[in-house]
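K.L.:
Dropping the structure in here first, questions after.
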Amino acid sequence: MKKLLILLISSVLMIACKSGNGSKKDAGTEKPVITVTIEPLRYFTEAIAGDEYTVVSMVPKGSSPETYDPTPQQLVELAKSKAYFRIGHIGFERVWADRLADNAPHLQFFELSRGIELIFDTPHQHVHSSAPESNYQEEEMHHADEADGERPLLGVEPHIWNSPTNAQIIAGNILNALCLMNKQNESVYLERYNTLCRKLERTDSLICNMLSTPNADRAFMIYHPALSYFARDYDLYQIPIEAGGKEPSPAQLKELINTCKEENVHVIFVQPEFDRRNADLIAKQTGTTVVPINPLSYDWEDEMLKVARALSGEKATEE
């Protein structure tokens, strides 16, 4: 019995030692963190950064990045990040810009919309957002308190990532940011960037093929206008149900129904963050199909192809 007790104690001590050694090893090899605003940015960043960083999203699944408020725990975790990659025009980013910067003054901020021809919610439809390459670090790592001089950009259509063309520009901005953060890994980042760009080009080619079919739709309706840049890429007509963040009035609903018929719309896209009752009502009146999509999904390529398939008639099935 005594021998058995001694053996048991020895075993427990050995397990404790192994556990303790493992914890020290894990703590010593903890990866630096990059925070991004939304899941599609996490997808692009991980594709280029590889396993060198842990990439986390501020806006969780099922939440709207226009109205989301971070939790206190997220603010604590943000302070541990090495960099923040942001779109620069999303409601969440504009509202929280100063507070995020104040909470983590050491944090490097990178604007991923740099170089993209932006769409405005004004008669002036497009603007080219660019800066000299030599000023990239100075301009893109600024803190949010410098954004006060850019208030006209509040009218920017923020969903820049829902576009294969823009996605390549975003990828280039991520590549530049990572190289500034770790110059030694530049060749590795460049190789991964090139791999990602080939995927983006393939996605663009597949979408072009699907939308070039004779029966492909040239117009579509969507609850929240998240596909403005997608529509621009492929010369499509996007008809939003939501106007200025507000539900349509009965008169506006009637007008939307008429527009749907006039433009020969067959598909109404809905997103998980929004109520789909008005979309269902319009669909019932027009015989269109309601297709759920998630432009905020990590599976960026799948979502882009899903939109194209629905417009081509390949998989426009109601869910």
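K.L.:
Do we have Asp51 as modelled with pLDDT of 80 or more, closer than 24 Å to Asp299 by Cβ and open to solvent by 50 Å² or more (accessible area, probe 1.4 Å) here? Give the derivation first.
P.N.:
Values: modelled with pLDDT of 80 or more: yes; closer than 24 Å to Asp299 by Cβ: yes; open to solvent by 50 Å² or more (accessible area, probe 1.4 Å): yes.
So Asp51 fits the description; yes.
K.L.:
Can you tell me which of Tyr84, Tyr68 is part of a loop (DSSP other than H, G, I, E, B), of a type in the set (Phe, Trp, Tyr) and at pLDDT 85 or above? It would help to see each step written out before you state the result.
P.N.:
Numbers: Tyr84 fails: part of a loop (DSSP other than H, G, I, E, B).
Checking each option against the conditions leaves just Tyr68.
K.L.:
Additional query: Looking only at the stretch 154-164, decide whether some residue is open to solvent by 10 Å² or more (accessible area, probe 1.4 Å), part of a helix (DSSP H, G or I), more than 28 Å from Pro225 (Cα to Cα) and in contact (Cβ under 8 Å) with a residue 40 or more places away in the chain. Spell out the reasoning first.
P.N.:
Residues of the stretch 154-164 that are open to solvent by 10 Å² or more (accessible area, probe 1.4 Å), as a first pass: 154-155, 157-159.
Next, only the ones that are part of a helix (DSSP H, G or I) stay: 154-155.
Remaining after also requiring more than 28 Å from Pro225 (Cα to Cα): none.
No, the conditions are met nowhere in the stretch 154-164.
K.L.:
Name the pairs: first residue in the stretch 78-93 and basic (Lys, Arg), second residue part of a loop (DSSP other than H, G, I, E, B), Cβ to Cβ under 8 Å, at least 6 apart or on different chains?
P.N.:
Correct list of pairs: Lys82/Pro32; Lys82/Tyr53; Lys82/Leu107; Arg86/Thr37; Arg86/Leu112.
K.L.:
Please go through the stretch 78-88 and pick out each residue that is open to solvent by 10 Å² or more (accessible area, probe 1.4 Å) and within 13 Å of the chain's Cα centre (by Cα).
P.N.:
Keep residues of the stretch 78-88 that are open to solvent by 10 Å² or more (accessible area, probe 1.4 Å), which gives 79-80, 82, 86, 88.
Residues satisfying the conditions are Arg86, Gly88.
K.L.:
Further question on the same structure: Being open to solvent by 90 Å² or more (accessible area, probe 1.4 Å) and either at pLDDT 80 or above or on the phi > 0 side of the Ramachandran plot (or both) narrows it down to one residue among Asp98, Asp102; which is it?
P.N.:
Just a single option satisfies the conditions, and that option is Asp102.
K.L.:
I need the strands (runs of 3 or more DSSP E) fully contained in the stretch 202-319, keeping only those with at least 2 residues that are polar (S, T, N, Q), under 25 Å from the mean Cα position of the chain (by Cα) and at pLDDT below 95. Even if it seems obvious, please write down each step before you answer.
P.N.:
On the way: elements: 219-222, 237-240, 267-270, 289-292.
Counting at least 2 such residues, we get no strands (runs of 3 or more DSSP E) at all.
K.L.:
Would you be able to tell me the number of residues in the stretch 214-239 that are farther than 21 Å from Thr165 by Cα and open to solvent by 50 Å² or more (accessible area, probe 1.4 Å)?
P.N.:
The total comes to 2.
K.L.:
Further question: Name the residue that is nearest to Lys261 (Cα to Cα), counting only residues in the stretch 280-292 that are surrounded by 17 or more Cβ atoms within 10 Å (Cβ to Cβ) and touching a helix residue (DSSP H, G or I) at 6+ places or on another chain (Cβ under 6 Å).
P.N.:
Thr286
K.L.:
A further question on this structure: Looking at the stretch 219-273, which of its residues are of a type in the set (Asp, Glu) and free of Cβ contacts under 8 Å to residues at least 12 places away in the same chain?
P.N.:
If the condition is that a residue be of a type in the set (Asp, Glu) and free of Cβ contacts under 8 Å to residues at least 12 places away in the same chain, then Glu255, Glu262 are the ones that fit.
The values are calculated or read from the model by the stated rules, or taken from the named source; none is laboratory data. Note that the structure is predicted; figures quoted are calculated from it, not measured. Neighbour counts are summed over all protein chains in view; Cβ atoms, including those assigned to glycine, are modelled from backbone coordinates with ideal geometry. Just the protein is used for accessible areas: all its heavy atoms, side chains included, with ligands, DNA and RNA removed. Shrake-Rupley method; radii C 1.70, N 1.55, O 1.52, S 1.80 Å.
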